[in-house]
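Reviewing the structure listed below.
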Amino acid sequence: MKVADLLVLLCFLAFANPLTAQNEKPACTGGSYDLVKPYLGTWKEYRLTDSTEVYTGTLTSSLDVHGCALSQVYMEQDSSFMYRTMGFVNPNSGLWEETYVFSTGSYSLFQWVVEDDVLYQKKIGGSAKAENIYRLRFENSSNSEYTVAWQHSYDGGHSWETKGHTRIVRIE
């Protein structure tokens, strides 16, 4: 092989590799990865009752590690309680799994699932033994706010009882 032919081949390989990479889909996009994107940002949380809405704290959610890791931080307004989370898409299930670590020293494991076009975070484990099944149901989602219903089931998930609601409003 002539030196000129070798230089042409090396130049082709140098330019072909970036072109191929540009056409490939980034590793952590599409499917489950896109599920959390509407909930990214900084939000104010309000606890809802029948007649009032009380500001409780601030939630910040972001994607890290090139969109492969979900991170959330919640701080109550008086700093008396907080939690941090870290989540990833489990390659076995294809679902986001997120670990919440609370300032009380406990932790909970949640899995993001969609059932009948409704988004839930289902508790799948944690440090406290529960006598019920717990989930968070995402409702009334828009770009600027959404509502979360805290639900418990005492019959293995056949029926669900709503224990309260939180309204989350985007500030950034």
| remark: All-but-one check, Asn132 against (1) under 19 Å from Phe102 (Cβ atoms); (2) at pLDDT 95 or above; (3) among the polar types (S, T, N, Q), failing number (2)
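What tally of residues in segment 93-103 results from selecting those that are on the phi < 0 side of the Ramachandran plot and either modelled with pLDDT under 95 or touching a helix residue (DSSP H, G or I) at 6+ places or on another chain (Cβ under 7 Å) (or both)? Please lay out each step first, then the result.
Restricting attention to segment 93-103, the residues satisfying the condition of being on the phi < 0 side of the Ramachandran plot are 93, 95-103.
Next, only the ones that are either modelled with pLDDT under 95 or touching a helix residue (DSSP H, G or I) at 6+ places or on another chain (Cβ under 7 Å) (or both) stay: 93, 95-96.
The total comes to 3.
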| query | Mind checking which pairs have a first residue in segment 155-172 that is part of a loop (DSSP other than H, G, I, E, B) and a second that is aromatic (Phe, Trp, Tyr) and surrounded by 10 or more Cβ atoms within 10 Å (Cβ to Cβ), Cβ under 7 Å, 6 or more apart or different chains? | reply | Ile171/Trp43
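Of the residues that sit in segment 130-139 and are of a type outside the set (Ser, Thr, Tyr) and more than 12 Å from Pro38 (Cβ to Cβ), which one is surrounded by the fewest Cβ atoms within 10 Å (Cβ to Cβ)? Let's see the steps before the verdict.
So the first thing to find is which residues in segment 130-139 are of a type outside the set (Ser, Thr, Tyr), and the list is 130-133, 135-139.
Within this subset, residues satisfying the condition of being more than 12 Å from Pro38 (Cβ to Cβ) are 130-133, 135-137, 139.
On the way: Ala130: 11, Glu131: 6, Asn132: 14, Ile133: 17, Arg135: 20, Leu136: 16, Arg137: 18, Glu139: 12.
Filtering segment 130-139 for residues that are of a type outside the set (Ser, Thr, Tyr) and more than 12 Å from Pro38 (Cβ to Cβ), the one surrounded by the fewest Cβ atoms within 10 Å (Cβ to Cβ) comes out as Glu131.
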| said: Name the single residue that is farthest from Cys68 (Cα to Cα) among those in segment 88-122 being free of Cβ contacts under 8 Å to residues at least 24 places away in the same chain and of a type in the set (D, E, K, R). | reply: Asp116
| Residue tally, condition loosely packed, with under 11 Cβ neighbours inside 10 Å and assigned to a loop (DSSP other than H, G, I, E, B), over segment 86-127 | 6
| said: All but one of (1) surrounded by 14 or more Cβ atoms within 10 Å (Cβ to Cβ); (2) not in a strand (DSSP E or B) hold for Ser80; state the number of the condition that does not hold. | reply: (1)
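Of the residues Ser79, Ser153, only one is within 29 Å of Gly31 (Cβ to Cβ) and out of contact with any helix residue (DSSP H, G or I) (no Cβ under 9 Å at 6 or more places or on another chain); which?
Values: Ser79 fails: within 29 Å of Gly31 (Cβ to Cβ).
After applying the criteria, what remains is Ser153.
Residues to consider are Leu40, Leu70, Leu35, Leu59; find the one that is among the aliphatic types (A, V, I, L, M), at pLDDT below 95, out of contact with any helix residue (DSSP H, G or I) (no Cβ under 8 Å at 6 or more places or on another chain) and surrounded by 13 or more Cβ atoms within 10 Å (Cβ to Cβ). Steps first, answer last, please.
Working: Leu40 fails: at pLDDT below 95; Leu70 fails: at pLDDT below 95; Leu59 fails: at pLDDT below 95.
Matching residue, one of Leu40, Leu70, Leu35, Leu59: Leu35.
The values are calculated or read from the model by the stated rules, or taken from the named source; none is laboratory data. Note that the structure is predicted; figures quoted are calculated from it, not measured. Please note: Cβ atoms are built from the backbone with ideal geometry, for glycine as well, and neighbour counts cover all protein chains shown.
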